[in-house]
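Visitor: I have a structure I would like to understand better, so I am pasting it below and will then ask my questions one at a time.
The values are calculated or read from the model by the stated rules, or taken from the named source; none is laboratory data. Small disclaimer: the values here were computed from a predicted structure and weren't measured. Glycine also receives a Cβ, built like all others from the backbone with ideal geometry; neighbour counts cover every protein chain displayed.
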Amino acid sequence: MSAIEILGLEKTYAVGFLRKQEKRALHPLHLAIGDGEIFGFLGPNGAGKTTTLKMLMGLVSPSAGSARILQMDFRNPAVKAQIGFLPEQPYFYDYLTARELLDYYGQLSGLGGKDRSLRIRELLGKVGLQQAGDVQLRKFSKGMLQRVGIAQAILHDPKVVFLDEPMSGLDPMGRREVRDLMEQLKQEGKTIFFSTHILLDAEALCDRVAILHQGELKGVGSIATLTAGIKGKVEVFWQGSNIPASMQSLGAECHVTGDTVRAIISEEFQDNAIDLLRRDKLRLISIVPLRKSLEDYFMQQVKPGATSGAGA
Amino acid sequence: MTSRIFYIARNTFREAVRDRVLYNLVAFALLMTGGAVLVGQVSIGIERLVVINLGLTAISLFGIVIAIFIGIGLVSKEIEKRTLYTILSRPVRRWEFVTGKFFGLSGTLVVNTFFMGLGIFAALLYVAHHFEKSDAWVLVAIYLIVLQFIIVTALTLFFSSFSSPLLSAVFAFSLFVIGTFSEDLRGFASVAHGLTGWLATGASYIVPNIAALNVISSVAHSQPIAGALVLYNTGYALLYSAMAVCGATLVFERRNLK
């Protein structure tokens, strides 16, 4: 069952002095995100990720299309009680403490007094801020603010959580903590829709990803499915410092280190490379297939002139 | 619904207090103390008149400045800092947010004015050593000044729902100033003809009638204020403010939060 269905959402802005020109921020987008899935929404800056999230949150009105969240129209006020949202680089009320902020958001979400206090205490512990609960937010570091942001997004125990660049600006420790938290949320059965341009995070976390570039969906599916279509590469090592002349014609990238040469070539030329090494009587050390990464797929999709990839 | 408006209003009040808005009370206290001491020494027989005039004018100016300078940031600051995103992604409707903000700032101004009012009575006691029956009219004047604040807050909120903070401040302050001369505008409209007459009449209805809410001079001269005037002015101020807040909501409902 789909927790989120995006049905042709699109956004066009009127630009120019007379507002007669149109700039398309998002081409009609169709996506379905399953219940309990961690879904990565990837793309370079300006791809349309935040615009999509803002439309789903009702902050920006779509030019066309619709969406359904938990089987309800995304504009239905009842949806808001079931979703949580962390905006990009959140900045909260400086003059409030973390506990006061969560209390305020809890009130707005309709949480009752006793439940709210218990939930706030539990969440401050969960995001590692139990010691800083009574400190004003203006004294918080970026990482601490991000953790408060996640706490407010899950405060009312929503079924679907939308996170806009949750790892942005965090140090490796902070990123790890956010990743762990997201995994924990998945284990609790929540659906997570998060945007990022940090591909390693997406690879580590996501069940499926979608790649958006210049407002257009370039591909959607599991990482294994998406990378299956990429031509593989192998890493070839041999002894010596000689590089056979025809090795370059195979498109190999060669690097000499001491008395070893390392070459990266396309999987399809692997046999030709071995033949060349035999012919020149060079001693082969190893051939290692390189893992097909999401980055390879991503770069392939966002490079100029790329066409849309497979969907699943 | 009402509880969400209340929570937003309370948070707006808390923000204003923690943002040291009430520090203006210190400046007011210094002004009243200095004024009372000076008046006590230099004026004979008109101490009350001077203290009431000075005190009520100061309340009016301090309040208008607060209403405009906090009012312009009520919505724009929340958008700029993206705090609004985390509020509107909850079961909070945009009109509830705007209304809550309006009540929050209005509440701040009421509390601020209450303490300033205490300051006026303290100064009166200092210069006259006793209260007179006509001093009760000062309370009526303060009440009408609060109504002015409510109108200006609503107008500022309306302008800030679609324009920049600077322009909102300019628009709201301009309307306040024109409103203090609204009697003259009405007078001009009644004698002007043709297009000028139409425009002046239209403007006199659009501009808030701040002049009608200003009874400082009458109160300072111990003149009573008619109950009907207070009643009509209350109705007028509440209706005008409600329309401005509705206008702000209508604009804000359609706004894309980029």
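Visitor: Being at negative phi and free of Cβ contacts under 8 Å to residues at least 12 places away in the same chain, is that true of even one residue in region B:94-112?
Guide: no
Visitor: Among the helices (runs of 4 or more DSSP H) contained in region A:54-170, which hold 1 or more residues that are in contact with a Leu (Cβ under 9 Å, 6 or more places away or on another chain) and more than 10 Å from chain B (Cβ to nearest Cβ)?
Guide: A:98-108, A:113-126, A:142-154
Visitor: For region B:1-24, give me the residue count where each residue is surrounded by fewer than 14 Cβ atoms within 10 Å (Cβ to Cβ) and hydroxyl-bearing (Ser, Thr, Tyr).
Guide: Result for region B:1-24: 3.
Visitor: Same structure, new question: Given the residues A:ILE243, A:ILE265, which is the only one that is in a loop (DSSP other than H, G, I, E, B) and buried (at least 16 other Cβ atoms within 10 Å of the Cβ)?
Guide: None of the others qualify; the one that does is A:ILE243.
Visitor: Here's something else I'd like to know. Which residue out of A:ARG121, A:ARG147, A:ARG138 is crowded, with 16+ Cβ neighbours inside 10 Å and in the same structural domain as A:LEU86 (by TED's automatic domain parsing)?
Guide: A:ARG147
Visitor: Residue check, A:GLU216 against (1) crowded, with 16+ Cβ neighbours inside 10 Å; (2) over 22 Å from A:ILE33 (Cα atoms), all met but one. Which one?
Guide: Evaluating A:GLU216 over (1) crowded, with 16+ Cβ neighbours inside 10 Å; (2) over 22 Å from A:ILE33 (Cα atoms) leaves (2) as the failure.
Visitor: Return the residues of region A:32-45 that are within 23 Å of A:VAL178 (Cβ to Cβ) and either within 14 Å of another protein chain (Cβ to nearest Cβ) or outside any loop (DSSP other than H, G, I, E, B) (or both); say none if nothing qualifies. Spell out the reasoning first.
Guide: Initial filter on region A:32-45 (within 23 Å of A:VAL178 (Cβ to Cβ)): A:33-45.
Hits for region A:32-45 are A:ILE33, A:GLY34, A:ILE38, A:PHE39, A:GLY40, A:PHE41, A:LEU42.
Visitor: Let me ask something additional. Against the definition (more than 14 Å from chain A (Cβ to nearest Cβ) and under 19 Å from the mean Cα position of the chain (by Cα)), how does B:ILE64 come out, yes or no?
Guide: On the way: more than 14 Å from chain A (Cβ to nearest Cβ): yes; under 19 Å from the mean Cα position of the chain (by Cα): yes.
Answer is yes for this residue.
Visitor: Something else about it: Filter the helices (runs of 4 or more DSSP H) completely within region B:113-214 down to those with at least 2 residues that are over 19 Å from the mean Cα position of the chain (by Cα) and of a type outside the set (A, V, I, L, M).
Guide: Those helices (runs of 4 or more DSSP H) span B:182-191, B:194-206.
Visitor: Just to verify a result, which residue in region A:199-217, among those that are outside any strand (DSSP E or B) and touching a Lys or Arg at 6+ places or on another chain (Cβ under 7 Å), is farthest from A:GLU183 (Cα to Cα)?
Guide: A:GLY215
Visitor: Something else about it: Going through region B:136-170 one residue at a time, which ones are in contact with a Lys or Arg (Cβ under 8 Å, 6 or more places away or on another chain) and free of Cβ contacts under 8 Å to residues at least 60 places away in the same chain?
Guide: none
Visitor: Is region B:22-41 home to any residue that is within 14 Å of chain A (Cβ to nearest Cβ) and either over 18 Å from the mean Cα position of the chain (by Cα) or among the hydrophobic types (A, V, I, L, M, F, W, C) (or both)?
Guide: Yes, region B:22-41 has at least one match.
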